[in-house]
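Participant: Pasting in a structure now, in structure tokens, and then I'll have a few things to ask.
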Amino acid sequence: MLRLRSSILTHLLYSPATSLGSSVQRLLSAAAPRIPPSPGFAVDYLVENCGLTRPQALKASTKISHLKSPCKPDAVLAFLSGLGFSTADIAVLVAKDPQFLCTRVETTLGPNAVELTALGFSQTEIASLVSLIPASFRRRSIVSNVPYYLSLLGSYENLLRVLMNSSTLLFVSLEKVVKPNVAFLRECGLDHCDIAKLCISWPRLLSANLERVHAAVACAESIGVPRGSGMFRQALRAVSFLSKEKVAAQVDYLKSTMGWSDAEVGIAISKLPMLLVRSKGILHILSEFLISEVGLEPAYIAHRPALLTYSLEGRLRPRYCVFKFLKENGLLGRDRSYFSAVTVTERVFMEKYIIPHDEAAPHLAEDYAAACKGEVPARFIFA
């Protein structure tokens, strides 16, 4: 049966379009002999042929209760097997979208696969697309929009990333919705690469109504990030998740927690718009550490808001311990700052702050490793 199912898909993909309908009908007749209707057919079929558990089958059967014969679902299973779906893969897909079994292979699934193959999709890529968006793949219209999205996003992998978060995107109108949104973003100074990155992180931007996109741009400008600036894309991404009220509330929280003036909070957000979606709890903890323990001035942090993006226990505190140890023992060069120590990569940090002091501080590497694990070595306890 599995071999026969695979042969059906191969025939679909490589038969001339003019003979597709008649060829499919003959193949389906061979693959799925008709049987008389029987009570409970859907549940039994889902368990025995699709690999669902009985509880899964009982739930899924309500979506396909009208099926009385295995003709159509057998053809669908043949299609999936031909794409390389295992029994487990089929069970997952059918549990996710039972109505996929009701789709016509000869008029929808097969032609979709043929057209995607013509666009250069491999069998594996088509299978991934079916797994990700089975409900969309049941629509005949989705393939016509694929070339546009491949061009916009740059790759099949990026298209999958977008569809993971916006499964209905392929049948949103390009002319009425998507293209006007993209055109407006270009007017705002975003280039092709910027738009692709923004759409990957905020897929619903493509399908949003144009008024909402205009509102997001206005909100980005209101927090001090003008169109065409280097951080404009990041600002759009940040405000896309927030209402005006939430933006205002976060700005007020940053001012009160970090001790920033209106000007300073504006500087910080313009440099790092994602501060608008940073957790209030984390911001409070970081402010306590950076201001009260490290002794940094609020204005200093406002001009270097990247400090608020790092993990306290994984980077800020361990590196501060090393920084202070070196300073206390006269081993820190005058050109070294805590900010520099925090922002360099782990390899560079070791090369600049640990390895040069192997003789003067032979336990420094060991103590730093312990601090990164949340421990407090005795040598890192300062009076």
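Participant: Go through Y253, S340, V239 and say which Cα lies farthest out towards the positive end of the charge dipole of segment 239-383; charges sit on Cβ, +1 for Lys and Arg, -1 for Asp and Glu.
Facilitator: V239
Participant: Express the accessible area of segment 38-170 per residue in Å², computed with a 1.4 Å probe while the remaining protein chains stay in the model. Intermediate values should be presented prior to the final figure.
Facilitator: On the way: 5440 Å² over 133 residues.
Per residue, segment 38-170 has 41 Å² of solvent-accessible surface.
Participant: Another question, then. For the chain, with only Lys/Arg (+1) and Asp/Glu (-1) charged at the beta-carbon, what is the dipole magnitude about the Cα centre, in debye rounded to 20? Kindly include the intermediate steps, with their values, before the conclusion.
Facilitator: Values: 42 positive and 32 negative charges, 241 e Å.
Roughly 1160 debye for the chain.
Participant: Then there is this: Using +1 at the Cβ of each Lys and Arg and -1 at the Cβ of each Asp and Glu in the chain, identify which of N329, I126, A361 lies farthest towards the dipole's positive end.
Facilitator: I126
Participant: About its Cα centre, how strong a charge dipole does segment 331-372 have in debye, to the nearest 20, once Lys and Arg get +1 and Asp and Glu get -1 at the Cβ?
Facilitator: Working: 4 positive and 7 negative charges, 48 e Å.
Result for segment 331-372 is approximately 240 debye, rounded to the nearest 20.
Participant: At a temperature of 25 °C and a viscosity of 0.890 mPa s, determine how fast segment 318-382 diffuses translationally according to Stokes-Einstein, using the Kirkwood radius over alpha-carbon pairs as Rh; express D in µm²/s, rounded to the nearest whole number. If you can, show how the numbers build up before the last one.
Facilitator: Values: Rh = 11.8 Å.
Answer from the Stokes-Einstein relation: 209 µm²/s.
Participant: When the convex hull of the Cα atoms of segment 103-165 is projected onto a plane and the area is averaged over all directions, what value comes out in nm²? If you can, show how the numbers build up before the last one.
Facilitator: On the way: hull surface 15.6 nm².
Average of the hull's projected areas for segment 103-165 equals 3.9 nm².
Participant: Ok, one more. Run the simple label-point estimate for K63 and A88 please: 7 Å along Cα→C-beta, distance reported in nm.
Facilitator: 2.1 nm
Participant: Taking the Cα centre of segment 94-223 as origin, sum charge times position over the Cβ atoms of Lys and Arg (+1) and Asp and Glu (-1), and report the length of that vector in debye to the nearest 20. Walk me through the numbers on the way to the answer.
Facilitator: Numbers: 12 positive and 11 negative charges, 73 e Å.
Taking the Cα centre of segment 94-223 as origin, the dipole is about 340 debye.
Participant: For the chain, with the dipole built from +1 on Lys and Arg beta-carbon atoms and -1 on Asp and Glu ones, taken about the Cα centre, which of L67, F289, F380 lies farthest toward the positive end?
Facilitator: L67
Participant: What Kirkwood hydrodynamic radius, in Å, does segment 167-301 give when the mean of 1/r is taken over all pairs of distinct Cα atoms and then inverted?
Facilitator: Values: mean 1/r = 0.0625 Å⁻¹.
So the Kirkwood estimate lands at 16.0 Å.
Participant: A further question follows. With N denoting the number of residues in the chain, provide Rg(C-alpha) divided by 2.2 N^0.38 Å, to two decimal places.
Facilitator: Details: Rg = 29.2 Å, N = 383, 2.2 N^0.38 = 21.1 Å.
My calculation over the Cα atoms of the chain gives 1.38.
Participant: Helix 2-14 against the longest principal axis of the chain: what's the angle in degrees, Cα atoms only, rounded to the nearest 10?
Facilitator: 80 degrees
Participant: Could you tell me what fraction of 2.2 N^0.38 Å the Cα radius of gyration of segment 35-165 comes to, as a two-decimal ratio? List each step's numbers first, then the result.
Facilitator: On the way: Rg = 15.4 Å, N = 131, 2.2 N^0.38 = 14.0 Å.
Computed over Cα atoms of segment 35-165, the ratio equals 1.10.
Participant: As a test of the formula, what do you get for the chain when each DSSP H run with n ≥ 4 contributes -39,500 (n - 2.57) and the sum is divided by the residue count, at 222 nm and rounded to the nearest 500 deg cm²/dmol?
Facilitator: Details: 24 runs with 220 residues, N = 383.
Estimated from H runs of four or more residues: -16500 deg cm²/dmol.
Participant: Mind ranking R104, R315, R334 by accessible surface for me, highest first, 1.4 Å probe?
Facilitator: Numbers: R104 125, R315 55, R334 245 Å².
Output order, biggest surface exposure first: R334, R104, R315.
The values are calculated or read from the model by the stated rules, or taken from the named source; none is laboratory data. For clarity, every value in this text was computed on a predicted model and none was experimentally measured. In this analysis, Cβ positions are derived from the backbone assuming ideal geometry, glycine residues included, and neighbour counts consider all displayed protein chains. Accessible surface areas use protein heavy atoms only, side chains included; no ligands, DNA or RNA. Shrake-Rupley method; radii C 1.70, N 1.55, O 1.52, S 1.80 Å.
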